[in-house]
Amino acid sequence: MSKTAQRATLAVILLLGLALQMSGLDWGLRSLNGFELDGKPVSVMTAGFGADSDALHKAAKSFDDGPFPVIRYGSTLYQFNSYGTVFLYFYRFVTETLATVGGFEAFGDAALAANASRVCGRLVSAMSGVVLIWITWLVGFRLLGPIGALGAALLAAVFPMSIQAGHLATVDGMLGLWFGAALWGCLRVLSEGERRDYIVAGCLVGVATATKINGLFLLLPLGLAHLLRADRPTSLCDALPILTHSGIYIAFGSCVLTWLLLTPAAVFEFSEYFFPKFAGPYHIEHSLTKASESAATHRGWLHLEGVSTYFYQPFHVFPLGIGWVVQVVFVAGLVLAFIRRSQATLLLAISFVVYYLLVARLPDKPIRFFVPMATVFAVLAVYPIVAFTKARNLIMTAVVILAIEPSARAYALVNVYRQPDSRVEAGRWIQENIPQGGKLMLERGHNSLASVVSRHHVSLLPADLENEFANARGDLLSERGHFTACVESEFLSQVDYFAITEERMAIQRVRKAAKDFYDRLFAGELGFELRATFPMRPSIFGLEIEDETTDLNWTRYDHPTTYVFVRTNREPALYSNDPDLSVYRLRTWEDTQKLIVRAQKSRIFMFFKRCLPGPYKERVGEEKLVEHFMAFLKDPASLTGSGTHMTAVLDGETWRIKME
């Protein structure tokens, strides 16, 4: 293939990537057009479906008030530093520039201004994804030759995880760009090793770190590149030139200096940046604390309880992010790199393995954590094809075949971005179909529909069913519907409508009680009928490419399916099918006595909590209730007496234990 043909092919690949990245950048915002709550337009910030995107929007807006990005949590203002400044600088620059041309207020509060500003953030991410294709070509050119480089660029252009990152106003797409660029710089250190190569590589690592703290990882491939330049040392004297070579210190100094230049708050607000009095979300101290905790301690992680995340990624994350076939060939390339021990491919292979061991253990946002590895995935997936294929025309043919699956997945994902947002459409349905004063239950957490529902129109009951089911253990009680009856009596019995996004149902994977509840809900046994479904499932030629095993973080931010249930029966079939479950309805004082005894014998917190008055539970909070429960298990008389000596109180239509 001539150089002209190579350039033309690269241009076509870049255009393909551009088309995939730019298509549907206004997803969600189109649905908000014309959507009002209480006579006021709803902005993307009001809808609040993307916590990270919202936080970056607020941090970029904070430049209005000072030179350092800050964020407010409650009434406390503190440094916004876990995501760094580089994305914010680009976000701010692009938004200010386009605001001048488009006539909107950059980061303004009005719906039009906020929505346009969000598109600008997505544009920064999308263009980062396009530039990454070129960076991947540069890395591939060094390792795979001109034809292999085109193949790697093609894969980088169609990886679904990169397409998704390009449609979110978050740092992941840009971090992938700087990771790829820094790896290119490390390869230059490995092959040339001139002082300027060390400086460039160090600066790129600094830029990546100033984009997100994860960029510090790139010091590993930089150090590896320096070490692999030397012959294998046989003694301490042989190792001294490696350790004393000025290049690595120049690179490290360049990294630190670049980071400091891009992060002035670390210098001028040193104590607040590193040792704040309060470290809330999006401060690095908070992020490090969160990363050290288990899956069971956070809403949205519970579905990974007891699961090895190291094995979860290959079966639930990578097939969506890069495709099954690419994953298999990539693993072959990884193994081949260790067998052949070519320094350049070995550098990428070692870097990936260490990155995987560090990052794959984290239960939060796995698909986004691996976006920075896009260049490594692409290059090492093409590596075995180049290694075992002599004919150049066959190399490109093999890569095109390899790219079919991720291309299909990427196309299906892009189709989702052209659809109406399910959450907004559900909010619109609620406005149009629920009468004034109708009682509606919504889940707390990500994708709660509370932000698109008028509290003047409906009576809202917020619930946290995932938290309820977190403590619902006991297979026999689960299968017989005891936990379902408890939840139905406590929550569903109070409302006539129930709306939920599918992400809340992931807990079914680890709690049989939750599976029993949702199975009965969809079957109509709880007195509700599924009245409206707003699907957002990527599909191609009618074939859906996601199912119940799909990683929660793949769907929750941009394309969750939303369901709305309507009450059809005040006497659910659940109780007529098994009259023994009626005890959870607490229609008599005897029922309450039976249930509190059951709570003591089974040691189940949910049953105990059901017996307490609603206003009391709301006032004291979950932590205090747990303390009461533990005291009750040790001494049942601590609960204002025991057995028939406990005082009853009528709470609505149910009998509860008087607590004060």
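The values are calculated or read from the model by the stated rules, or taken from the named source; none is laboratory data. Source: prediction; values computed, not measured. Cβ sites come from the backbone with ideal geometry, for glycine too, and all protein chains shown count toward neighbours.
Suppose we keep only residues that are of a type in the set (Phe, Trp, Tyr) and not in a loop (DSSP other than H, G, I, E, B) within the stretch 105-162. Which one would you say is surrounded by the fewest Cβ atoms within 10 Å (Cβ to Cβ)?
To start, the set of residues in the stretch 105-162 that are of a type in the set (Phe, Trp, Tyr) comprises 107, 134, 137, 141, 159.
The next check asks that each one be not in a loop (DSSP other than H, G, I, E, B); those that pass are 134, 137, 141.
Values: 134: 17, 137: 29, 141: 19.
So the residue we want is 134.
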Problem - Listing of helices (runs of 4 or more DSSP H) fully contained in the stretch 1-97 that carry 1 or more residues being assigned by TED's automatic domain parsing to the domain that holds residue 275, in contact with a helix residue (DSSP H, G or I) (Cβ under 9 Å, 6 or more places away or on another chain) and without any contact (Cβ under 8 Å) to a residue 24 or more places away in the chain - result: 3-22, 51-61
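Residues in the stretch 520-567 that are among the charged types (D, E, K, R) and either closer than 30 Å to residue 52 by Cβ or free of Cβ contacts under 8 Å to residues at least 12 places away in the same chain (or both): how many?
Of the stretch 520-567, the ones among the charged types (D, E, K, R) are 520, 525, 529, 531, 537, 544, 546-548, 551, 556, 558, 567.
With the extra rule that they be either closer than 30 Å to residue 52 by Cβ or free of Cβ contacts under 8 Å to residues at least 12 places away in the same chain (or both), the set shrinks to 537, 544, 546-548, 551, 556, 558.
Counting residues in the stretch 520-567 that are among the charged types (D, E, K, R) and either closer than 30 Å to residue 52 by Cβ or free of Cβ contacts under 8 Å to residues at least 12 places away in the same chain (or both) gives 8.
The rows are residues; the columns are (1) modelled with pLDDT of 90 or more; (2) basic (Lys, Arg); (3) closer than 30 Å to residue 314 by Cα.
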residue	(1), (2), (3)
545	no, no, yes
550	no, no, yes
575	yes, no, no
578	yes, no, no
586	yes, no, no
630	yes, no, no
637	no, no, no
642	no, no, no
Exercise for the section: Quickly run through the stretch 507-541 and pick out the residues that are more than 20 Å from residue 426 (Cα to Cα) and assigned to a helix (DSSP H, G or I). Expected result: 507, 508, 509, 512, 513, 514, 515, 516, 517, 519, 520, 523
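Restricting to the stretch 571-581, name every residue that is touching a residue at least 40 places away in the same chain (Cβ under 8 Å) and not charged (D, E, K, R).
First pass over the stretch 571-581, keeping only residues touching a residue at least 40 places away in the same chain (Cβ under 8 Å): 571-575, 577-578, 581.
Listed by number, the residues that qualify are 572, 573, 574, 575, 577, 581.
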Completion exercise
Residue set 418, 423; condition within 16 Å of residue 558 (Cα to Cα), basic (Lys, Arg) and surrounded by fewer than 18 Cβ atoms within 10 Å (Cβ to Cβ); output residue 418
Handout entry: Residue count, the stretch 313-326 (criterion: of a type outside the set (A, V, I, L, M, F, W, C) and either surrounded by fewer than 16 Cβ atoms within 10 Å (Cβ to Cβ) or not assigned by TED's automatic domain parsing to the domain that holds residue 165 (or both))
Key = 1
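Would you be able to say whether some residue in the stretch 463-480 is assigned to a strand (DSSP E or B), closer than 24 Å to residue 587 by Cβ, in contact with a helix residue (DSSP H, G or I) (Cβ under 8 Å, 6 or more places away or on another chain) and in contact (Cβ under 8 Å) with a residue 24 or more places away in the chain? Give the derivation first.
Taking the stretch 463-480 and keeping what is assigned to a strand (DSSP E or B), we get 463.
Pick out the ones that are also closer than 24 Å to residue 587 by Cβ and you get 463.
Now restrict to residues that are in contact with a helix residue (DSSP H, G or I) (Cβ under 8 Å, 6 or more places away or on another chain): none.
No, that holds for no residue.
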Practice task
Name every residue in the stretch 7-18 that is surrounded by fewer than 19 Cβ atoms within 10 Å (Cβ to Cβ) and within 24 Å of the chain's Cα centre (by Cα), in order of residue number.
Solution key: 18
Problem - Those residues of the stretch 596-628 which are surrounded by 13 or more Cβ atoms within 10 Å (Cβ to Cβ), within 17 Å of residue 461 (Cα to Cα) and not hydroxyl-bearing (Ser, Thr, Tyr), in sequence order - result: 610, 613, 614, 617
